[in-house]
Amino acid sequence: MSKEEKIGTLDLVKVDKARITKVIEIYYHWKDLNTEIQTFSGSRGINFPSELSEYMVAYVLGIHINKNGSGDAIDISDPNHPIVYEIKGSSANELSAPSSFSPSEEFDELIFARLEKKDDILKIYKTGINSTALGDIKVNATQTVKDQQKGKRRPRLSIYNTIIKPLGLEPDYLFDIRNKKIITK
């Protein structure tokens, strides 16, 4: 199926002010639950839900979310050249925390969203990495992302350590969640 055919079958939603207000309300529920679980169990807490990070990024970038569950966000401002984004979010204390990718990832650009929980700031990095370039990244001494995908495995890698840091990337946007304010760098 071509990218255009795939996009034609998606359930796209524009993230407007009403939706981002609801997403932020849910974010604070998640944050409270995360704090309670950490206090109760001493664990690392609950992962930052992709539904929250994806909606926040889509709001900041002015792109559409795919509600069909693939996690893709789409820029359809030029219908002849839609851009498919893969969004990976992290709220882990360790910058080296890994993200996983499905065996059939196909996208035009990877976006990394790093949540600073204490400050309620989402740092958004446009990496310039597409699914082909991602496939060439080493996940261990002998295998690349593509090698693991061919084996129907879900490759895991630290986006920060393998892309952000080596490329010297700084966030393209900051999203001040408390104030619903977008800050461009």
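The values are calculated or read from the model by the stated rules, or taken from the named source; none is laboratory data. Bear in mind that the values here come from a model prediction, so they are computed numbers and not experimental data. Cβ: placed from backbone, ideal geometry, glycine included. Neighbour counts: every protein chain shown.
Just one of I164, I177, I129 is surrounded by 14 or more Cβ atoms within 10 Å (Cβ to Cβ), modelled with pLDDT of 90 or more and either of a type in the set (F, W, Y) or under 19 Å from E106 (Cβ atoms) (or both); which is it? Selected residue: I129, the only one of I164, I177, I129 that is surrounded by 14 or more Cβ atoms within 10 Å (Cβ to Cβ), modelled with pLDDT of 90 or more and either of a type in the set (F, W, Y) or under 19 Å from E106 (Cβ atoms) (or both).
Consider H64 carefully, then state whether it is closer than 23 Å to I24 by Cβ and not polar (S, T, N, Q). Yes; evaluated as a whole, the condition is true for this residue. Would you confirm, using the coordinates I've provided, whether F112 is in contact with a Lys or Arg (Cβ under 6 Å, 6 or more places away or on another chain), closer than 22 Å to Y160 by Cα, surrounded by 22 or more Cβ atoms within 10 Å (Cβ to Cβ) and at pLDDT 85 or above? Spelling it out, F112 is indeed in contact with a Lys or Arg (Cβ under 6 Å, 6 or more places away or on another chain), closer than 22 Å to Y160 by Cα, surrounded by 22 or more Cβ atoms within 10 Å (Cβ to Cβ) and at pLDDT 85 or above.
Filtering region 124-133 to residues that are in a loop (DSSP other than H, G, I, E, B) and free of Cβ contacts under 8 Å to residues at least 40 places away in the same chain leaves G128, I129, N130. Looking for something under 22 Å from G135 (Cα atoms) and assigned to a loop (DSSP other than H, G, I, E, B) - is there at least one such residue anywhere in region 58-65? No, the conditions are met nowhere in region 58-65. Exactly one of these conditions fails for K185: (1) more than 20 Å from D75 (Cβ to Cβ); (2) modelled with pLDDT under 95. Give me its number. Tallying (1) more than 20 Å from D75 (Cβ to Cβ); (2) modelled with pLDDT under 95, K185 fails exactly one: (1). The single condition among (1) free of Cβ contacts under 8 Å to residues at least 40 places away in the same chain; (2) out of contact with any Pro (no Cβ under 7 Å at 6 or more places or on another chain); (3) part of a helix (DSSP H, G or I) that W30 does not meet is (2). Anything in region 69-103 that is charged (D, E, K, R), assigned to a strand (DSSP E or B) and either modelled with pLDDT under 85 or surrounded by fewer than 17 Cβ atoms within 10 Å (Cβ to Cβ) (or both)? List them, or say none. Residue satisfying the conditions is D72 alone. Restricting attention to region 134-167, the residues being under 20 Å from the mean Cα position of the chain (by Cα), polar (S, T, N, Q) and not in a helix (DSSP H, G or I) number 1.
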